[in-house]
Amino acid sequence: MKRIQIAIASLAVLGILALVTVAKGIGGGVTAAEDDRFRINGTTLTKYLGTDTYVSIPDTITAIGDEAFAGNETLTSLTIPDSVTRISYNAFKNCTALTRVILPDSVEKVGPGAFEGCTNLTSVEIGENVSSWGSGVFANCNSLATVLIDQDNEYLTYYNGAIYNGDMTMLYQVLPARAGDNYVMPDTVERIDTYAFWNLQNTKNVMVSGNTAGIPKQAMASMGSVENVVIQSPTTGIGEKAIANNANLKQVVIPESVVNIDKKAFAGSPNMKIYTGKSSTADTFGRDNDIPVIYEAEYPTDFMDSNVGLEEKPNLGNGSSTTTTTTTNKGQQTSGSSSTDDTDDEQTPQKPADTPGTGGAIHPLDVPENDDVIGKTVIVAGRAVVLMDNHKGQVYGIPDNAKADVVDETTDSQTPTSITVNVENDSSIETDSIAQRKFYKQKDLTAYEIDGNIKKIGRLAFSESGLKSIVIPDTVTEIEYGAFMSCASLVDVTIPDTVTAIGTKAFEGTKWLDNWKNSDDESDFLIVGDGILLAYKGSAAHVELPEGIKQIGSEAFKGHSELLDVAVPASVEKICAEAFRNCSSLTGLTGCEGLKTVVRGAFYGTQISENDFKK
């Protein structure tokens, strides 16, 4: 009797297997029940290993991890469940058969390049709760001309073949297949994201908004079909490779307001000419770099916006968000000259808009794990506190032992730093600092020898002066906010290792700093004084700081939105104000064994909070 029961049981099992096999053959689909096709780390889908044409992602998943589907050439459609809140970097990159994507209302964050290279993608629907949008999400999606964004979404706006933030002050991307020869950027746009114009298929003429401060790194690189670009006044800067690698580009109109042009701004655009005014910065730049310069436009300058069925411009209303978080992986904003007005000395930080809720889902920490799971993603208040690379076993986030004093520092001096009388005519008065604004805007001051008794150089002491070189003596220990800011002729600077504190923007706008950023110096790190990292000019996603750095200086990495993580050596004791401001893709640090102090505001605009370091 037992043998008969066993035989019946065996037949039942074989029958179930046969049914599963048949189910897989119908429609080429895979469901949550077949977990062997999914590699899951906690509640993050780290890799899909199947070859099916249709995939239903398990409803236990809250995040689709980096490159989870990347390179899949068979996937044509999928279902993303309401449990998913995040689609990470390059999650569906080069899924060349994918034709349609629907992002449910639960999705709050879409990472850089999430659908890059999905060449057959023609239909995209975006839910109402996306509040963080990466750069180049649809780069090289050569068939994508339009997207549909939920009308209740306050953080994204679609108009005329392009995606913007809620109030259209930020252009995220002009869709590669948008219709129409001419694209005129709305005058609301103040910033352009990295890769915003990447690989356009139809657009020939582009007019940039007159309200943009500058054309940032890679923003208009590899534009595909674009032939003419018009930049309007009062734009002041064109960044590194901002309009590079444009084989079809014929002409760039550059107004006289542009005073900063990176030497690689037009690299790889061999057929272009510069149309500008005589003796302008662009005129000099063109002649110095063997780019033809013309003084009369070679195409109609009054071209109008065009698109098939051109939409009416959205009514932005008062409810539009102005704090959309951009999680770009490359590029930074190019800016013009800095203001030394007191009201501009400090910027009021804005709370990042990336604050996803739990949606009633089980907290990841409460989900039991197998013994072989060595890490998982944990979302706390919208921040990725821990990220696991399941393939390399590398943990991102903030190490548990990275505890420090979180302090408030103000750029405004609360007490006088020096005696402000003319000490040159009164030998009875002694002072150990150069007073605030002592030589402010003194254009005729081209040289100055700092007295050997000086210990501190005050706030804006030499700002906007005519200084050409400065040797700071080894008695000086502190250089305050904007001390040499906008000294446009300052080329040579000597900073001794006695200097232990350098304020925000101390050397911003000097030729010395600009020349270093544009130099072929082998090192991407400018380290001065007593181990202070003053600036960084690299473009890597993963950065390892050199041993010996004691401080990550104010704004050292500001705007490096390509930055994903930083290895901090034990020598680093302090992270200064705004050190990583607007590094929107930054998810974590490693090391930090010697860290003692973190200044509040060091991580504004990132996925890290200073509170994570509190003891």
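Collect the residues in the stretch 16-66 that are open to solvent by 30 Å² or more (accessible area, probe 1.4 Å), modelled with pLDDT under 50 and not in a helix (DSSP H, G or I), keeping them in residue-number order.
ILE26, GLY27, THR31, ALA32, ALA33, GLU34
Search the stretch 556-569 for residues being of a type in the set (D, E, K, R) and open to solvent by less than 30 Å² (accessible area, probe 1.4 Å), and hand back the single one that is modelled with the lowest pLDDT.
Among them, the one singled out is ASP565.
Just the residues that are more than 21 Å from the chain's Cα centre (by Cα) and buried (at least 23 other Cβ atoms within 10 Å of the Cβ), please, taken from the stretch 530-555.
The answer is ILE532, GLN551.
Tell me the strands (runs of 3 or more DSSP E) entirely within the stretch 483-551 that contain at least 1 residues that are of a type in the set (S, T, N, Q).
492-494
Which residue, of GLY538, GLY509, GLY503, is at pLDDT 90 or above, touching a Ser or Thr at 6+ places or on another chain (Cβ under 6 Å) and not charged (D, E, K, R)?
Unique residue meeting the criteria: GLY509.
Tally time: how many residues in the stretch 506-529 are crowded, with 20+ Cβ neighbours inside 10 Å and among the polar types (S, T, N, Q)?
Number satisfying all stated conditions: 1.
Are any residues in the stretch 552-569 under 20 Å from ILE502 (Cβ atoms) and part of a loop (DSSP other than H, G, I, E, B), and if so, which ones?
GLY553, SER554, GLU555, ALA556, PHE557, LYS558, GLY559, HIS560, PRO569
From the list THR157, THR146, which residue is within 20 Å of the chain's Cα centre (by Cα), over 25 Å from LEU564 (Cα atoms) and among the polar types (S, T, N, Q)?
Every option except THR157 fails the conditions.
Report yes if GLU128 is in a loop (DSSP other than H, G, I, E, B), over 14 Å from TRP198 (Cβ atoms) and in contact (Cβ under 8 Å) with a residue 40 or more places away in the chain, otherwise no.
no
Out of SER209, SER233, SER222, report the one residue that is over 24 Å from SER539 (Cβ atoms) and open to solvent by 10 Å² or more (accessible area, probe 1.4 Å).
SER233
Are any residues in the stretch 293-317 modelled with pLDDT of 90 or more and either open to solvent by less than 40 Å² (accessible area, probe 1.4 Å) or under 33 Å from the mean Cα position of the chain (by Cα) (or both), and if so, which ones?
VAL293, ILE294
Considering only residues that are hydroxyl-bearing (Ser, Thr, Tyr) and within 15 Å of TYR299 (Cα to Cα), look in the stretch 241-286 and name the one that is least open to solvent (accessible area, probe 1.4 Å).
Here the residue is THR276.
So which residues in the stretch 137-162 are among the hydrophobic types (A, V, I, L, M, F, W, C), open to solvent by 10 Å² or more (accessible area, probe 1.4 Å) and in a loop (DSSP other than H, G, I, E, B)?
Those that are among the hydrophobic types (A, V, I, L, M, F, W, C), open to solvent by 10 Å² or more (accessible area, probe 1.4 Å) and in a loop (DSSP other than H, G, I, E, B): ALA145, VAL147.
The values are calculated or read from the model by the stated rules, or taken from the named source; none is laboratory data. Given the structure is predicted, the values throughout are model-derived calculations rather than measurements. Heads up, the Cβs are rebuilt from the backbone with ideal geometry, glycines too, and the neighbour counts pull from every protein chain shown. When the accessible area is computed, the model is the full protein with side chains, heavy atoms only, and any ligands, DNA or RNA have been set aside. Shrake-Rupley method; radii C 1.70, N 1.55, O 1.52, S 1.80 Å.
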